[in-house]
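**Q** One structure is given below, represented as structure tokens, and several questions about it will come after.
The values are calculated or read from the model by the stated rules, or taken from the named source; none is laboratory data. Just so it is clear, the model here is predicted, and its values are computed rather than measured. When we count neighbours, we look across all protein chains shown, and the Cβ atoms used for this are built from the backbone with ideal geometry, even at glycine.
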Amino acid sequence: MTLPTSSRHGKVTRIAHAGLAIAVILQLVSSLFMQVPRGERPANFAFEMHEAVGTAALAFALGFWAVIMLRIVGTDAVRLFPWASGTRLAALKADLAAHVRALRRLRLPTYDPEGALASAVHGLGLLLITYMALSGTMYLIAPRAGYEDSTLLHLAMDVHEAFGNLVWVYLIGHAGLAVLHHLAGGLPIAQMWSLRSAPNSGDLPE
């Protein structure tokens, strides 16, 4: 099943998504091999790569935020962050219940790119990745600003390390569900990664 043209993400959204996804994957892979400099122990190439790609990840994350705020096609920001609306929280609860019922019947829930649950999870994922990229960049520039011993910086990096596992969970879950929906015919993966423009799918006003 092919999604209607009007529901496709615009080209700018797809570029931001692809750039951020690639950066996150490189960050996770480099984290497995990096050596954090401590005392006389120097950083290795994986750590230097982690820092450099982290800066790129922050740029893509901020670009994604800009796209969300400015685009005219795609998931509304209020769908991504429904936490302050009783109506949207009720829709989220109903969508979650529908997913649970489907899973109890051993069925894959119907794919809906505008669904309350999918949108909220995407919003949480963007918040998580933005925090990871922002805190990592803070760690990179803190010594140059004289704040390498800041209590706030150490707290931010403790949270950064703790949230690293959440990024793995989000990436594996997000990619895994995308593959399952693709195999079920509800989500053509190539569509999200294509850089070709589609009619009526521009995100940003001309």
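**Q** Here's a check for you: in segment 136-170, which residue that is touching a residue at least 60 places away in the same chain (Cβ under 8 Å) and not aromatic (Phe, Trp, Tyr) is surrounded by the fewest Cβ atoms within 10 Å (Cβ to Cβ)?
**A** GLY164
**Q** When the residues of segment 100-135 are narrowed to those that are β-branched (Val, Ile, Thr) and more than 17 Å from LEU62 (Cβ to Cβ), which ends up surrounded by the fewest Cβ atoms within 10 Å (Cβ to Cβ)?
**A** VAL100
**Q** Then there's this: Taking the stated definitions as given, is ALA97 part of a helix (DSSP H, G or I), touching a helix residue (DSSP H, G or I) at 6+ places or on another chain (Cβ under 9 Å) and loosely packed, with under 12 Cβ neighbours inside 10 Å? Reasoning before the result, please.
**A** Working: part of a helix (DSSP H, G or I): yes; touching a helix residue (DSSP H, G or I) at 6+ places or on another chain (Cβ under 9 Å): no; loosely packed, with under 12 Cβ neighbours inside 10 Å: yes.
For ALA97, the condition - part of a helix (DSSP H, G or I), touching a helix residue (DSSP H, G or I) at 6+ places or on another chain (Cβ under 9 Å) and loosely packed, with under 12 Cβ neighbours inside 10 Å - is not met.
**Q** Out of (1) touching a residue at least 12 places away in the same chain (Cβ under 8 Å); (2) of a type in the set (A, V, I, L, M); (3) out of contact with any helix residue (DSSP H, G or I) (no Cβ under 8 Å at 6 or more places or on another chain), what's the single condition that is false for ALA52?
**A** (1)
A quick yes/no check of all residues on (1) of a type in the set (D, E, K, R); (2) out of contact with any Leu (no Cβ under 8 Å at 6 or more places or on another chain); (3) modelled with pLDDT of 95 or more:
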site: ILE25; (1), (2), (3): no, no, yes
site: GLU40; (1), (2), (3): yes, yes, no
site: ALA52; (1), (2), (3): no, yes, no
site: PHE64; (1), (2), (3): no, no, no
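**Q** Hey, another quick one. Taking only segment 49-86 into account, find how many residues are crowded, with 17+ Cβ neighbours inside 10 Å, within 16 Å of LEU124 (Cα to Cα) and charged (D, E, K, R).
**A** So the answer is 1.
**Q** Taking the residues in segment 22-48 that are surrounded by 18 or more Cβ atoms within 10 Å (Cβ to Cβ) and without any contact (Cβ under 8 Å) to a residue 24 or more places away in the chain as candidates, determine which candidate is farthest from the chain's Cα centre (by Cα).
**A** Taking the candidates together, the pick is MET34.
**Q** Here's something else I'd like to know. Among the candidates LEU140, LEU177, LEU166, LEU155, single out the residue that is of a type outside the set (Lys, Arg), modelled with pLDDT of 95 or more, out of contact with any Pro (no Cβ under 6 Å at 6 or more places or on another chain) and in a helix (DSSP H, G or I). Write out each step before concluding.
**A** Working: LEU140 fails: modelled with pLDDT of 95 or more; LEU177 fails: modelled with pLDDT of 95 or more; LEU155 fails: modelled with pLDDT of 95 or more.
It is LEU166.
**Q** Then there's this: Within segment 121-135, track down each residue that is over 26 Å from LYS93 (Cα atoms) and among the polar types (S, T, N, Q).
**A** Of everything in segment 121-135, just one residue is over 26 Å from LYS93 (Cα atoms) and among the polar types (S, T, N, Q), namely SER135.
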